[in-house]
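Below is one structure, written out as structure tokens, with a few remarks after it.
Readers should treat all values here as calculations from the given coordinates under stated rules, not as data from a laboratory. The structure presented is a predicted model; accordingly, all values stated were derived computationally and were not measured. FYI the Cβ positions are ideal-geometry reconstructions off the backbone, even for glycines, and counts take in every protein chain you see.
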């Protein structure tokens, strides 16, 4: 795969209060990011996910004509939707943004050795920049979903699952290999402690 356009990558390093900034110097990481191929802008913020941080990203995309963004902050699970929406509001395809988790995967686990945490943060950001350089714009599609389910096994758990799915309005098929449903319960005469009939 080749890069078909001139790269203008912006790198954003979050301090996350003291979660990241208490272990490594985000400004030093941003300085390093500026030396990476394709990076034309880098900055830090105390909380990049907050309004001031997001506003800075949106303004920089327009002002510096950025066509890729790398956010070095916390987990993708926590804030990927936040930053994808942020770059989209500035007119950038949201899939041209890459997150690098320098909190959980770096400063939280290497807080006792800040020098090595700094080296790791640099390497992670370099990897994020290299990856986003090859990112292509994507367009979300809508796929029809058929609300139908199949439950395999007509034991107590299978029957219960099929009934729950049916209560949710989902057309459900219950498949059992034996001639009758009930599983192990169907083989019992009475159940403890009430001694009721098992079926």
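Observations
- FRET efficiency, 1/(1 + (r/R0)^6) with R0 45 Å, evaluated for residue 136 and residue 115 via beta carbons: 0.75
- Between helix 156-167 and the chain: long-axis angle, C-alpha atoms, 0 to 90°, nearest 10: 70
- Nearest-ten-degree value, helix 51-63 long axis tilted from longest Cα axis of the chain: 60
- Between helix 114-133 and the chain there is an angle of about 80 degrees, using the helix long axis and the longest principal axis of the Cα atoms.
- The structure shown yields Cα Rg over 2.2 N^0.38 Å, and of the options [x] 1.59; [y] 1.00; [z] 1.14 that calculated value carries the label [x].
- In the chain, the calculated helix contribution to ellipticity at 222 nm averages -11000 deg cm²/dmol per residue, counting -39,500 (n - 2.57) for every DSSP H run with n ≥ 4.
- Antiparallel content of DSSP bridges confined to the chain, in %, to 5: 10
- Among 167, 106, sorting on how many other beta-carbon atoms sit within 10 Å of each Cβ, with the fewest leading, yields 167, 106.
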